[in-house]
Structures are given as structure tokens and as C-alpha cells.
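Before any comments, here is the structure.
The values are calculated or read from the model by the stated rules, or taken from the named source; none is laboratory data. None of the values given here were measured: they were computed from a predicted structure. Cβ coordinates were reconstructed from backbone atoms using ideal geometry, including for glycine residues, and neighbour counts include every protein chain displayed. Accessible surface is based on the protein model in full, side chains and every heavy atom, while ligands, DNA and RNA are left aside. Shrake-Rupley method; radii C 1.70, N 1.55, O 1.52, S 1.80 Å.
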Amino acid sequence: MEAPKKKIAVMTSGGDSPGMNAVVRAVVRTAIHMGCDAFAVYEGYEGLVKGGDLIRQMGWSDVRGWLSEGGTLIGTARCMAFYERPGRLTAAKNMVLNGIDALIICGGDGSLTGADRFRAEWPSLLEELVATGQLTADQVKPYKHLNIVGLVGSIDNDLSGTDATIGCYSALARICEMVDYIEATASSHSRAFVIEVMGRHCGWLALLAGVATGADFVFIPERPVSDCWQEEMCTVVKRHRNYGKRKTIVIVAEGANDKDGNKIIPEQIKDLLADKSEGGLALDTRITTLGHVQRGGTAVAYDRMLGTIQGVEAVQAVLEATPETETCFIAINENKIVRKPLMKAVAETKSVSKAIDEKQFDKAMSLRDTEFSDQYKSYLTTTNVKTDEHKLPEKQRMRIGFINVGAPAGGMNAAVRAAVAYCLSRGHTPIAIHNGFAGFARHHDDKPVGSVREFDWLEVDSWASKGGSEIGTNRELPSESGMDLIADLIKKYEFDALFMVGGFEAFHALSQLRIAREKFPSLRIPMVLLPATISNNVPGTEHSLGSDTCLNELVQYCDKIKQSASATRRRVFVIETQGGRSGCIATIAGLSVGASAVYIPEEGISLDMLNTDVKHLKKVFAEDTGQSRAGRLILINEKASSVYDAKLIANIIRDEAHGRFESRESIPGHVQQGGVPSPMDRCRAVRHAIKCMEHLQGYGKKSAAGATDPLSAAVIGIKGSELVFTPVKELEENETDWPNRRPKQAEWLKMRGIVDILGGRPQHARPE
Ligand code: ATP
């Protein structure tokens, strides 16, 4: 006899956060795909307690188009009844009556605490329901073990154990967008702005917004300013004004306190900045409270991806659970999705708030994840550039060359800025090599003057949110410029280390420099590469700077196109993405917009594949009742096939559709490089650049470590749950698919199956 279908319900609870809809869509569709019945509980715990129409079975097409909607479409509420046992008793009854045996909850720590309490009480709730005659023993028998899995949906990023909560990067994006706007007016009028952002117990949003925008001062709950914070802040602002800065930005988390636990309010800060008395700053100061705009809008690409893959993982966790399995939640550490014990994380989160209340701030800081404390260090480095506090003794100060190689990518400038800040704060001399190796080599010809020069901090300080590459970039490899010339120039400028930022060309360049070390002793200086390319194809990392910016551009582009399709006719858009011979961007964008198919170079395109996909589209449109008039999207990487391109595929589809639906190609092209880099790219740029500087500094002045130490020519990167340096030699020899200019193995390839399943693509369309 076939086992009864598992019934899995999904719910969103607590404050809404962008990406919750991606969770619901992923849970519903994965559950259906796995042969289960999917349910949605509307209005959070309120729906569970009230039951009736608030608990609904969901079909495949009920969640169509949800990825591009903000908030949560199944609603959320704060439910007082669920705090009390009688409320939870009714909720249990409703679960049994609906036959639900697993609950996936997306919410903040409160919602997850409620969930765990519910599960702990479950057996006694069932007993009481039977004892009071509300249900029979037979009715409750199949539901002995309640299965609960948590997903963290919150804009605050306040849950311990996970690097990011679903929604936090969307909120950060909104904040940074607003601060970027404000900066323009602040700079024009030479004004100061005090910007209040959300975060009652967690300063993540304020801190990362400060890092991403290059704010002058940040107030966060975990690290209250000292007794004389007024003086401290004014000193920093004065210092920045003295070297010529025309704007002052102070970001304050709503939960920021001083050391005694007194709330720091924006008016207080404004009064200090505007103080016209002798020695006061006398700045024209305004306050902006961002409020609920921080929650609003559609989710950024990262939150859609995170919500989706965590939703899929949650269903898998439900299906694998046994009665003994501890209640888990789904976390992400760097780039790795992991299941972790729910109550431990909730307890740790509560202990951060407790530590803050008890004024144990070091403890609070230590309980946050490493990214948080790294970013706090980043913020201190970039705001304390012109102080002597951290300067190294003269003989340890290095001359560090900075070079960008390859196409521009979002975050390059933020990386250079942070690294320059680090150098200046330690007493090193950062030197810009303009326009890559080609610019370096041309300088030798004494043609353009100034292609190698020291950075001017006032100029660099304004680069935090700038797109492109301010020091210029070029694809030329050192071998093309002349390796002996490059080696001579490195000697001539007496570089002690080289900091490279760029994509696959930069990786190739680093490899060439390493190999040439044997012949040219001047190349034995330590060198490090921070990968930056929208293609995300650099061996040694799962995330290159610029790829998140590119994904956001693509997602916005696709959202608009999809909307135009729904407003006109039934259409399939075939959208060509960049990415070189790496299908990473196409695949993750496909995941984030709900593509019907994604074509990538790793798989190529066969006639069979096209045939299957076209047949499927015909079927979908034939079954379409009109309710889902929205367009369908197919994403194709620019190098997926040497025969089929976007135009040809669109033509084939149109021809096959016989007028029943339309098809068009669309090529966003260089738009994908993005305008303003995403905050994620900017923040990662800052954190990783500072790590690179620490790495180079570790070798000291005049080091010839290149003769012996493999890590003296290294790539920094995220690998699984870690941020690591890998020797370029190891990457060249073992991990690089040279002909295709990409890593041999890539983590994102695992997502292809998910895109297909959730997009409803026939399983046999792709080769395995
Ligand atoms: P946010 O991050 O937006 O604050 P949250 O999930 O922490 O989200 P809460 O308001 O704390 O938001 O919790 C949401 C709901 O979860 C509550 O309205 C309540 O129904 C339930 N809940 C929270 N804590 C508990 C608890 N200790 N016991 C039972 N239910 C709880």
C-alpha cells in the first residue's frame, strides 16, 4: 500500500522581509515535486490558531510570479494567542484536522522560539485534545511527531549562527540607495546628515551601510561609544573635514546606546554637528529617518536565491527527519547552506541582547559572527585613515602597487579604497598603476605621465560607491606587455608587494608573474589577487566582486521584461546574459527570476533540448487559462552554443508557436556591469581587500618570499564556509579549466537542477 502523502505547510511570521515569497514558492513547488501536498498558513500563527480559510492547499501555479513581489503574499501577523497554551492547543487541532505533518516557518527569532515551543509541547497538546474530547485517539495517531524546520526571515540579520537572514541584503540595498542619494545633496551643500536605520538589538544594517557608503561615523548597539563619544565623533568628523571632505554622513541604528545604556538619539548628534559655539563644527545638519522604506520593495537577487535554496533545503530536511531529529533551521555560512540546531541559535541570539542589556559589550560583539567583527574592523580602518594610532615603525612600511586587470566590475573601487585606507593607516605607501599592465608598460615609454602615482586619499575616499574602475583597467597580460619590462618596472618603483583586482585575466596575469619569478627576482615580492568579475569564473573563489551587482541588474531587467509581457501578449523572452564560458550568472539569475530554461556553455544546446523545451512551452501556454498571462523567460549565456543564439532560439519558438504565443530576444549587454555596485559587492570588497593587505603586510618589507612560499602569490576567495587564500600555483595546476577560462568545478552548478525543478522544466530536457 502506498504511504499517505506527506502534507507540508509553510508560514511566514513576525515582520515581513523581502525574499519570503521566494521561500513560499520554493517550499510549495519542491513539496509538490517530491510528491507531497503543499499548504500555506496565511497570516502567521494567527492563521494556525484561526484555521479555516487561513490554511490553504497550494497548487503549482498559485505561486507563479511570486519571486518578483515584495513583502509576503501569504501575510504575516503578530499573534498574541500563540503565546498562550490555549492558542497553541487550537493551532495543534487545526494542524491535525488539516492533516498537516510538517511545518516550515520563515520568521525572526520570536517566530522560531514559538515554533520550538510548539514542537516541544506537541505530545502534550495532542493528549489534551484527546482528553478533552476535541479529537479522537485515532485522529491524532498519525501525527505523533511534529516536524518543524525554521528559515530565518528578517531584515535585521540578527540571528546567531547564520551570516545572512533572508531579507537583510534587500534592506541594506535600500538603505545604501538612500544614503547614496543623500550624499549627492550633502556634498553639494557641504552638509552633514544623520541617518537613522532599523536595528533595535543588532547593528548589522547600520554597520554594513556605513562600510558600503564610507560613512564618517556609525552608532551600533553592540559597540556603544565611549563615555566621551561626543568628543570622539566630533574629532573624526573634524579630521575628515580638515582634509577637505565636503560631506558628513553619520549612521545610527535605532537601538544605539551609550555605555550607560542611554539611547543615542539623532537630535543629540545633530546638535553636536551643528554646534556653532567656539570650536564647534557648525555644520548645516539634517536628520533623515529611513523608516519602513527599508522593508519595502522587491527582494534583491541574493535574497531571492537564498530564500529559494533554503526553501528547497527545508523541504529536504522535513523529508529526511526522523522522530529523533532535533529541530533545525537552515543557515548560510559564507557560501555554504547548512542545517543547524534551532534552539541553540535562538538562545545565542537572546544572549547577545542580554549581554547588551548587561553592558557586556565585548561579549555581545564576540557572539556575533566573524563577518560582523571583520566589518567592524573595516569600518574603523576606513574612518581612521589619517591617525598615527596604528602606524608601523618606519622600517616595516611597505610600498604596495595596486593594479586592476580585465573588465570593470562592481566593487573594484571599494576594494581599492579600503586597501588604500589600510595602507595609509599603517604607514605603507599605496601606489596606483593606472590602466592595468598596458598602462604600466606604456609609462615606461615616457608617454603618458602619471600612470604610476601615489594615491590621494581625498580623491579615493569618495570611491566607496562608485562603479567601474577609477584607476583604469585593461585586459592585457604581462606577457603581452613584455615580462622583462614589467619585472624592471616593479624593481624601478621598488614595490614590496602587488595587490591585484580583476577577473580571469588578472588570474592569468598572476599566474604568469608567478611562473616568471624563476627568471626575474624582482617578481618574488608577495602578490595577491582579489577576484572581481561579473562572470564569477575565477578559480579559487565562489564569489567574485561584481557578480552580485550583475545579478541585480539582470534580475531588474528580467522583472521589467516579464511585466511588459503580461501587459501585452503571451510572450517568451529569450535573454542573453554575459559570463564568458561560465554559466554562473545565467543560472543564478534564472533561479532568481524563475526562468523556464537556462542555457549555459557547460552543457551546450542540443536540438533535443530545444525540442523538449519548445514542446513544454506549447503545453504550458495551451493549459494556460489566462490567469498567468505573465511572460516566460529563457536565459541563454552568450557562449552557450556556437550555433544557437538568443535571436535564433526566439525565432524557432515563434515559428513553432503558430501564433498562439510570441517570442522575442533581448540582450541587456553591458548594462550587466551595473551602475552603482551592490552593497554586498561593496562590503565584501572592503572586507576582502583588508584581508589581502594584512596578508601582504605579513611578509614585510623587501620580502623575497616568492622564492619559497607558495602563498606569496595567492588568490583570496570564499570556498564553502570559509574565506581563504589559495596559492595560485595550486589553482593553475589543479583547479583551472584553461581552455574554457573557468574553474574545473563550481559550487553553483548544483543549482541547475533547482532552477529546472522550480521553473517546471521537464526533467529530461537537460543532459545529466
Ligand atoms: P522580527 O524579527 O520581525 O521581530 P519575530 O519572528 O522575532 O520577527 P515576533 O513578534 O517576536 O517577531 O514573533 C512573531 C510571532 O511569533 C508572535 O506574534 C507570536 O505569535 C509568536 N511567538 C514569538 N515568541 C513566542 C514565544 N515565546 N512563544 C510562543 N509564540 C511566540
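Structure above, values below:
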item	result
Modelled label reach - residue 189, point 7 Å along Cα→Cβ, the stretch 259-291 residues with backbone N closer than 11 Å	284-287
Overall form of the stretch 290-358 per C-alpha gyration tensor (a/c, 1.5; a/b vs b/c)	oblate
Global form of the stretch 332-392, assessed from the alpha-carbon gyration tensor, a/c cut-off 1.5	oblate
Reach of residue 259 by Cα under 16 Å, taken over aspartates and glutamates that are not fewer than 8 positions away in the same chain	222, 227, 231, 232, 357, 358, 362
Residues residue 338 and residue 389, FRET efficiency given R0 of 41 Å [Cβ-Cβ distance, rounded to 0.05]	0.60
Contour minus Cα-Cα distance for residue 319 and residue 515 (0.36 nm per residue)	65.5 nm
Rounded FRET efficiency, nearest 0.05, which uses the C-beta distance separating residue 144 from residue 708 and R0 of 60 Å	0.40
Cut-off under 5 Å, modelled amide H: who pairs with residue 678 long-range	549
Value of relative contact order over the chain, rounded to a whole percent, pairs C-alpha under 8 Å and six or more apart	13 percent
Residues with amide H under 5 Å from that of residue 196, placed H, sequence gap 5 or more	252, 288, 289, 290
Global form of the chain, assessed from the alpha-carbon gyration tensor, a/c cut-off 1.5	oblate
Beta bridge orientation in the chain: antiparallel %, DSSP, nearest 5	25 percent
The chain, dipole about Cα centre (Lys/Arg Cβ +1, Asp/Glu Cβ -1), debye to the nearest 20	800 debye
Modelled FRET efficiency - R0 56 Å, residue 57 with residue 363, Cβ distances, 0.05 increments	0.75
Under 5 Å, built H, 5+ apart or other chain: amide partners of residue 10	39, 40, 41, 104
Residue 550 - accessible surface, heavy atoms, 1.4 Å probe, Å² rounded to 10	0 Å²
Accessible area of the chain belonging to carbon and sulfur atoms, whole % at 1.4 Å probe	49 percent
Relative contact order (%) - the stretch 605-755, alpha-carbon pairs under 8 angstrom, separation at least six	10 percent
Rounded accessible area per residue of the chain, 1.4 Å, Å²	38 Å²
Karplus-derived 3J(HN,Hα), 6.51/-1.76/1.60, for each residue of the stretch 393-400, Hz, glycine and proline x	x, 2, 6, 9, 7, 10, 9, 10
Antiparallel DSSP beta bridges within the stretch 351-470, percent to nearest 5	40 percent
Difference of contour (0.36 nm per residue) and Cα-Cα distance, residue 243 to residue 458	76.7 nm
